Every structure is written in C-alpha cells, then in structure tokens.
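One structure is given below, encoded as structure tokens.
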Amino acid sequence: METTRDVIIIGSGPAGLTAGVYTARANLKPLLIEGLLAGGQLMMTTEVENFPGFSHGVMGPALMAEMRAQAERFGTETVQADVTAVDLSRRPFSATADGTVYTANALIVATGASAKLLGLPAERALMGRGVSTCATCDGFFYRGKPIAVVGGGDSALEEAIFLTKFASKVTLVHRRQSLRGSKIMQDKALANPKIEMAWNSVVADIKGAGTGGVSAIVLRDIETGQTRDVPVDGVFVAIGHTPNTTLFAGALALDENGYVVTHDGTNTSVPGVFACGDVQDHTYRQAITAAGSGCMAALDAEHFLDHQ
C-alpha cells in the first residue's frame, strides 16, 4: 500500500465514508484510516428511520456496511488502525497509524464523537458486565429482565424504546422533569407501557460489582436528596458525546467544548486540513448532516488541491 496520497481521511462514520466516495470519484486515490472501532456511532444505533432513501428504515450497522462498500467500489483504500499522531505543521501532512507514517497534501478529519459516561467507579468496573453504551450490541442479553436507560435526549429515548423489545421493564432516568428529545420520540417513549420514568433523578451508584453483574441502581432525587434502590440487570448510558479531538489539540483550533472550528465550509485553521461530521458539529449531529458535510469536505479538498 502506498503511504503517500493526495488525501488522507481519518474516521469511518457517515462523514468519513462519504468523503471517501467523493474523493475517490475525483481520482484523488484517498486513504481512509478507519480506526479499530470502524463505522462510527451508527454501529451502535438501532433502526435509522430518517436517512433519505430508506422508506422502511435501515439498521445502523447495515447502512455503514453499504457506505463502506460504496467508498471501496470507487477506489477508497482503508486501513483498520487508530491514528496515534499527526503532524499538521507543514505539507505534506502526516498521520501515524499502527507504526506506519502516511503522508498527504490534504487531510480530512472525520473522527466523530464518543459517548459520555457517568463517572462512577462502579460504571467502569461493570462496563461490559451490565453497563453498556450500546443498546444494539447488548440489548439481546436482557430478554425478560428489568433495565435502566440514563438520559433524556433522542439517543436515550431511541435506546429505551428499542430495549423494550427485550426487557421486561425499562426505567428511563432523567435529571429534569421534562425530556430533551424530539416531540415524536417523546410521544413514543411516554406512550410505551414498558417504559417507566424516573424524573428529577440521577444515578448515584450502581450495585453489583462484587457479584460480577449489575443488581440495582441507586437513584438520588435532585430536589429532596432522598435515595432509593431500583433493581435492574442492566444500565445503558446515553447522556451525550465528547468530540474525538485529543489528537488535534494544539494542531487545530478547537472551541471551548473541544469541537474542531470550521469556516467557509469545512476549512479548519490549517489550510489543506478539513473537518466534517460530529467532530465539528455540535448542533445537528445527524447521520445525514454528517454525510453532507463529508461531501463538502471532499469537494473542498479537491478544490484546494486543484489550486496548489
């Protein structure tokens, strides 16, 4: 595999793969470094009902498999490894992955965002043994069992609704008295007889670390301070995301929340480096907007290279 390319794309969610389709069709012979956990957040998403072209919905992993196959059909080459270092101080830019240094005159950042956690010691101890951030991955293991979902946005509501297919009951824990998700998702969740709301509550602890699995969550009422145990066999955390930009700290301009700052399309603070998808979008954060910005980044990169 050639280590010198016209374009390197870092990230393999909808943004990165769409950038791969467009740069490959422009004959830029892109290299897409997809990371060890390839596919982005849609790999942990259930049925996607709002991506154009799928009138009956599509499972997130299936959609990503199709996008990857499309990018590869046009000539995008992929490396399944995490980028451990970048040098954006001069061109050609470099990205190091699995001990190999790849260089390119244009670079597209599409590293996305990662799920936030509650920060409880028991959460880490029980991750993968009752605590999860992926309903699609782990929902099957909770057939006929009570579980909890933490959060109040669309992701939490979607996970809660999906998990009712397996669980005997889903306790949706939210720190406020009203949900933050879209109206249609709120209506679905509140109308589901298997979902029970725990309003004005936070998870103070997760019990079961000594037994090898979750046995209960400890909820604290934020108004009264009172706590109560809720028996559950699983806890799904869906409280938001953090942009994956540690790699670019000091190399690219980031905003106060760590998102890559873009201007005039997908341009970053370094000419020739472009950013797309959730790594720079803290407003819309949809698969279709990520894909759209991946197209924009590819066109911006092509325009940049044409003028060099």
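All of the numbers you see were taken from the coordinates with simple rules; none came from a lab. Everything quoted here is computed from the prediction, not taken from an experiment. No Cβ is skipped: glycine too gets one built from the backbone with ideal geometry, and neighbour counts run over all protein chains shown.
What to note about this one:
- Cβ-defined net charge surrounding M64, 13 Å radius [Lys, Arg +1; Asp, Glu -1]: -2
- Packing-based order for 176-184, 159-167, 213-221, using average beta carbon neighbours within 10 Å, highest first: 159-167, 213-221, 176-184
- This ranking places H241, H56, H174, H303 by how few other beta-carbon atoms lie within 10 Å of each, fewest first, which gives H56, H303, H241, H174.
- Lysines with Cα under 23 Å of K183, excluding same-chain neighbours fewer than 8 positions away: K165, K169, K194
- For the chain, the fraction of C-alpha pairs more than 32 angstrom apart is 33%.
- Gyration tensor verdict on segment 117-237 (Cα atoms; rounded if a/c is under 1.5, prolate if a/b is larger than b/c, oblate otherwise): oblate
- Within segment 1-25: backbone nitrogen closer than 17 Å to the Q70 label point (7 Å, Cα to C-beta): 12-25
- Among the cysteines of the chain, C276, C295 have no other cysteine beta carbon within less than 4.7 Å of their own.
- Cα-based shape type of segment 1-136, given that a ≥ b ≥ c are square roots of the gyration tensor eigenvalues and the cut on a/c is 1.5: oblate
- Ranking of M1, M64, M197, M127 by count of other Cβ atoms within 10 Å, fewest first: M1, M127, M197, M64
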